[in-house]
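The values are calculated or read from the model by the stated rules, or taken from the named source; none is laboratory data. Computed from a prediction, not measured in an experiment: that's the story for all the values here. No Cβ is skipped: glycine too gets one built from the backbone with ideal geometry, and neighbour counts run over all protein chains shown.
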Amino acid sequence: MTELKDRECEACRPGAPLASQAEIEELLPEIPDWAIIEEDGIKKLSRSYAFANFVEALAFTVKVGELAEEFRHHPSLITEWCRVQV
């Protein structure tokens with residue numbers, strides 16, 4: 001299987017296949033700082049980033065937003081004082 005960093009996201013495409021439990025177990029070691037959470041019965045990736053202040057957290061949020069738009073992938077971004085939850 002191709003390394004995760006070399007693959008394109010299909011999650012935003014209607015009808016895209018979900019990762020199987022076997023695929024999740026195989027790929028999760030490639031992203032050790034991320035966790036799988038379940039919301040409304042849907043498995044999602046989640047990660048929290050820490051920053052020195054709100055300005056840095058906001059700049060990170062904007063950069064993630066720009067990349068997300070470029071790849072047509074729109075994650076939930078929660079920006080708080082010194083922290084961003086993706």
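Here are some notes:
- Screening the range 1-46 for residues that are modelled with pLDDT of 80 or more, of a type in the set (Gly, Ala, Ser) and more than 15 Å from the chain's Cα centre (by Cα) and picking the one that is nearest to Phe71 (Cα to Cα) gives Ser20.
- Here is the figure for the range 69-86: residues that are β-branched (Val, Ile, Thr) and assigned to a loop (DSSP other than H, G, I, E, B) total 1.
- Residue count, the range 15-68 (criterion: among the β-branched types (Val, Ile, Thr), without any contact (Cβ under 8 Å) to a residue 12 or more places away in the chain and in a helix (DSSP H, G or I)): 2
- Count of the range 59-77 residues which are surrounded by 12 or more Cβ atoms within 10 Å (Cβ to Cβ) and within 13 Å of the chain's Cα centre (by Cα): 7
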